[in-house]
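In what follows, a structure is listed as structure tokens, so that the remarks can point back to it.
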Amino acid sequence: MVKTNKTGTNETSTMGEQKPKHPKNTRAGETSTVGKGSTMVLQHRISLLLLIFSSLTKLTSGNSTAHGCDRRCLAQILIDKELLSPPQSENCTTVVNITSIQYETLSFDTKDMQMTSRIKVNMEWMDPDLGWAKNYNFSTIMIPVEKIWTPRIVLDNAIDTTVEPYTNDVQVRKDGTVTHAIVLFTSVSCEINLFNYPFVTGECPVAINGWSQKSCSLNLQISDNVSLVGGSGGEWQTTSVIKATESSQPESRSYLLVKLSINPFGAIVTLILPSALILLADLVSFALPFEGGERNSFKVTLVLSFTMFLLILNDHLPNGGNCSPLLHYHFSFCLVCLVLSMLISVVLTRLSVDGSILPCRHTKVHPSNSPKPQNDFLDKEKDMGSEISLLQKIVFFLEDMDKGDDNKESNMAFAYLMDKCCFCIYLIMYIIYVIILICITQADICKVNNLDFWDNSKPSDDYTYSYYYYYYNYPT
């Protein structure tokens, strides 16, 4: 009988002959069959584990989380918390880091001494309640700015401040760090020494600060990253903006120190140059003859023109606060000099005609218009002969004419001498005035303190809150 085994080989056996069984070989076969089966089961289990692991990897990858929540869903969860109060630390102090500041001067009003500025402030602070668990696979999300608490910056020396968010959203990180930016439109009171106007340089502080109560405070940590945008604002120019610290205060306080300067070209052309030219014209007018009134009319025209010039520029001249500009005194000096020059010209005209400035003295009558010699001539004509009287008449007439000419020449010479003296006095006075003016502008006469706005008041330490609880036994 022929049998085919599992290996494919033929086994021949007869009825009479049976091949002896070997127990030892049978056990070995059974062992190999069991080993192969366990190996296949292990491979199936490993494949199943790999399939489950790959499925989990696909589920946790991309923008979905284990909870099936995306960025908008996570943002809505944080919005629903309604965290409109500041983060409450153990010491009730909120620290806000000012990472950068961008400053721009919009205008400076020399009449009211106010500076208008635009300030962009980038800030960060930590709010642990806005953080989320690690199972959310997002590093940052966006939240509307009105849905969470944002710090309110205080400007100690501001007159008017308008705060606007730079964007309508804030960025929140996984650890609770909030990044935000605001824009401040503020007007601060700043007194600059305008004594040397228009050659003026000054400094204006902008005190960006937090707030402090008895036990709670908002602490601003301002970095040195301060940049300037747009240096010119009309005639004023912003040269630099730096972060400064006031160490003289009980607590060290930081502020922005804005350095300003004036472009003097416009003021020189419209203010100083016209006044200087009018004084020069008045000085040159001494060359005009004062007979006939030509010089007087010219000087009167100069005085009226300068007066109208001052009236027109009255609204444009700076006040200067406690330090009145030297330009006001300069205009006053110019007006006084012009009026005195006009009066001197009128007096010299009087001297050239009469030889005296007294109004009560009678003016000498010219011999040709005097009636007395004519009456004498008529009397002499009656007493003397016609020929002799005519000769005497001519002699008397010529003598009187010579006397009148001599008086007129002496008065005119005296008037011209006084005119030359006045011209020399005016010339020397103008030279001395220019020298004194230069010396005064180089001296530091008026000083201004713009850091007197700090609030140094503190709550009394003796004032404490005590709570007493009383327990009463009410009858039952």
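Within the accessible surface of segment 153-278, defined with a 1.4 Å probe on protein heavy atoms only, the carbon and sulfur portion equals 49 percent. Non-local amide H neighbours of Leu313 (under 5 Å, H modeled in plane, Pro and chain starts lacking H): which ones? Those lying under 5 Å, H to H, from Leu313: there are none. For segment 81-217, the share of alpha carbon pairs falling in successive 5 Å distance bins from zero is 2, 8, 16, 18, 15, 13, 9, 7, 5, 3, 2, 1, 0, 0 percent.
Near Lys174, no amide H atom lies under 5 Å from its own; only residues 5 or more places off or on other chains count, and H is placed 1.01 Å from N. Using a simple spin-label model with pseudo-atoms 7 Å out from Cα toward Cβ, Asn137 and Glu294 lie 10.2 nm apart.
Need one word for segment 218-304: rounded, prolate or oblate. Basis is the Cα gyration tensor (sqrt eigenvalues a ≥ b ≥ c); a/c below 1.5 gives rounded, then a/b vs b/c decides. Prolate, because a/c is 1.5 or more and a/b exceeds b/c. Inter-label distance, Cys73 to Glu235: 6.6 nm, where each label sits 7 Å from its Cα along the C-beta direction.
Residue order by solvent-accessible surface for Arg173, Arg72 is Arg72, Arg173, largest first, with ligands and nucleic acids left out and a 1.4 Å probe.
Per-residue extension of 0.36 nm, minus the Cα-Cα distance of Thr167 and Ile438, leaves a gain of 92.3 nm for this segment. Phi-derived couplings, Karplus 6.51 cos²θ - 1.76 cosθ + 1.60 at θ = phi - 60°, listed residue by residue for segment 329-340: 5, 5, 5, 5, 4, 5, 5, 5, 5, 5, 5, 4 Hz, with x used for Gly and Pro.
Each residue of segment 427-436 is assigned a 3J(HN,Hα), and the resulting list reads 5, 5, 5, 5, 5, 5, 5, 5, 5, 5 Hz, derived from the Karplus form 6.51 cos²θ - 1.76 cosθ + 1.60 (θ = phi - 60°), x at Gly and Pro. Based on Cα contacts under 8 Å between residues 6+ apart, segment 176-231 shows a relative contact order of 17 percent.
The values are calculated or read from the model by the stated rules, or taken from the named source; none is laboratory data. Here the structure is a predicted model, which means the values were calculated and not measured. Cβ: placed from backbone, ideal geometry, glycine included. Neighbour counts: every protein chain shown. Accessible surface areas use protein heavy atoms only, side chains included; no ligands, DNA or RNA. Shrake-Rupley method; radii C 1.70, N 1.55, O 1.52, S 1.80 Å.
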